[in-house]
Each structure stands twice: as C-alpha cells, then as structure tokens.
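As structure tokens, the structure follows; a few thoughts come after it.
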Amino acid sequence: MTNQAAPAYQRILLKLSGEALMGAQNYGVDVNVAAAVAEEVKAVHALGVEVSIVVGGGNIFRGVSKSAGNMDRSSADYIGMLATLMNAVVLQDALEKTGTHTRVLSAINIPEVAEPFIRRRAIRHLEKGRVVIFAAGTGNPYFTTDSAAALRALEIKAEVILKATKVEGVYSADPVKDPTATRYECITYQEVLEQRLQVMDASAISLCMDNNLPIVVFNMLAPGNILRVVMGTPGVGTKVWMEKEKL
C-alpha cells in the first residue's frame with residue numbers, strides 16, 4: 001500500500017489563454033487540444049481539488065489586435081468577451097465527455113448558454129465538486145482575462161492562480177528570442193513589475209500583490225504538468241509571491 005502525497009492546494013484557479021486551445025492551427029479551437037486539457041483537469045479534480053478556470057479568447061478575437069482594426073475599444077472588448085464564452089463552452093463539452101461535472105458562469109448575462117456569475121453560487125458549485133469555468137472576463141471593457149483571473153480567484157478564495165503558458169516559467173528575457181535567458185525558480189511581484197516581465201498584465205499582478213495571492217507560471221504543453229504543479233512538485237514552473245524566502 002503506497003502513501004499518496006496530498007495536493008499542495010485545495011482550491012485553484014487555472015488561467016488558460018485562448019491561444020492555448022488552437023494547437024497547431026492559426027485560428028479557432030483544436031478539439032484534440034481541448035480534450036487533452038480536459039483530461040489533465042480531470043486528473044487534478046480526481047484528487048479532490050476544487051478547480052476553477054478562466055479562459056481567454058485570443059484564438060478567436062482580441063479587443064487589442066489587428067483584427068479589431070479601428071473599432072471602438074469597448075465594442076472590440078465585448079466581442080472578445082463573447083469569444084471567451086465560446087471557448088468556455090468548448091472546455092465544458094470536453095470536460096463533460098470525461099465524466100467531469102461542470103458549470104459555466106458568465107459575467108455577461110446569456111442564460112441559454114451559461115449561468116450568470118454570482119460569487120456564492122460559484123463557491124457552492126466548487127464545494128459540490130463541479131469544475132467552474134468563468135467566462136466573459138470581468139464583464140467590463142478595458143480589463144483583460146488576466147485581471148478577470150485575479151479577480152475571480154480572490155472572490156472564490158482560491159489559494160493560487162496557475163498561469164498556463166508555452167514556456168517553462170518566468171524568464172529573465174523571452175527564451176524564444178534570447179537563448180541566454182534564465183528561468184527563475186521564484187520571483188516577487190515587485191520584481192515582475194520592475195522588470196516588466198510578461199507574466200500577467202500589471203493590473204492583475206498588482207491585485208495579486210495587494211492580496212498576497214500566489215501565482216505559478218508553468219508550461220502546459222508538457223503532459224501532466226498541471227498535476228505536478230498542484231502536487232507541489234519541485235522544479236516545475238516559477239512561483240510568484242510576496243517574498244522569495246516564503247516560496
């Protein structure tokens with residue numbers, strides 16, 4: 001009989017970019033990628049961890065992009081929010097196919113597709129063992145899904161934000177462009193802001209810093225990494241918190 005280690009976190013918020021769902025495509029959703037993400041989330045959920053997700057919409061539309069052209073920023077951002085809702089429904093479908101119960105909660109009221117976001121309802125869904133997918137950002141223009149992730153994580157009292165990326169963590173420079181870039185094992189919020197590191201936008205980092213909400217940045221392309229981060233496996237990703245010695 002083996003002793004299985006306990007998860008490092010009991011309630012998490014996973015931040016996925018819309019681009020992460022594209023796979024090798026240039027646009028839209030790769031259903032195989034969505035299915036792979038669902039299987040990883042299921043493995044974490046099976047440990048009894050309460051899982052919530054915020055997904056972006058950049059694979060379909062971004063408010064600040066060439067596709068938005070000269071559109072009014074507010075109008076473009078609302079379209080982006082609708083894109084996140086489409087991605088949320090894709091993830092919901094993929095998760096339900098694994099037998100995982102889910103709920104999509106939207107900041108924009110579309111009752112035929114999703115429940116409206118109500119903080120207490122979201123927490124109750126988590127307590128009942130459902131994966132909660134937050135859609136439509138904060139419901140306000142000029143706020144990114146990074147800010148939505150920080151806000152929702154604080155509202156549901158998540159213990160950590162898991163920021164899924166295409167690289168191993170936070171680097172001193174862009175590792176794709178600079179082969180000499182080094183990965184940080186841990187870094188403070190202040191250092192992220194001072195060095196303008198592309199972890200999350202400044203508003204989201206500041207919100208996390210003000211409320212001591214840790215962030216773990218990790219590579220979601222490596223199979224099993226979500227589970228490794230939740231289990232607290234050493235050497236996986238970069239931890240962002242208030243003080244290095246506490247990490």
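The values are calculated or read from the model by the stated rules, or taken from the named source; none is laboratory data. In this text the structure is predicted, and so the values were computed from the model without any measurement. SASA here: full protein model, heavy atoms, side chains in, ligands and nucleic acids out. Shrake-Rupley method; radii C 1.70, N 1.55, O 1.52, S 1.80 Å.
Overview of results
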item	result
Where only C-alpha atoms are counted, convex hull volume of the chain per residue in Å³	138 Å³
Rg ratio (alpha-carbon, reference 2.2 N^0.38 Å) - segment 1-111	1.22
Cα coordinate range in segment 125-247, projected on the principal axes (Å, largest first)	44, 32, 29
Length-normalised contact order of segment 84-185 in % [C-alpha pairs under 8 Å, at least 6 apart]	19 percent
Lysine-lysine proximity count for segment 98-186, Cα under 25 Å, sequence distance 8 or more or distinct chains	4
Accessible area of residue 178 in the full protein assembly, 1.4 Å probe (Å², nearest 10)	50 Å²
Protein accessible area in the chain, 1.4 Å probe - carbon and sulfur %	53 percent
Helix runs (DSSP H) in the chain reaching 18 Å along axis by Cα, Kyte-Doolittle at least -1.0	31-45, 73-97
Cα-based reach from residue 42 at 12 Å (exclusive), listing aspartates and glutamates while leaving out same-chain residues under 8 positions away	50, 96
Rounded Å value of the spacing that divides the Cα centres of segment 158-211 and segment 68-126	26 Å
Selected from 214, 175, 111 as most flexible by GNM, with the chain as the system and alpha-carbon contacts under 10 Å	111
With DNA, RNA and ligands ignored, accessible area of residue 142 (1.4 Å probe; Å², nearest 10)	140 Å²
Mean accessible surface per residue for segment 178-247, computed with a 1.4 Å probe while every protein chain stays in place, in Å²	52 Å²
Taking the chain and dividing mean pair separation by its residue count, relative contact order in percent (alpha carbons under 8 Å, at least six apart)	21 percent
Counting DSSP beta bridges with both ends in the chain, the antiparallel % (nearest 5)	10 percent
Mean projected area (nm²) of the alpha-carbon convex hull when segment 56-130 is viewed from all directions	5.6 nm²
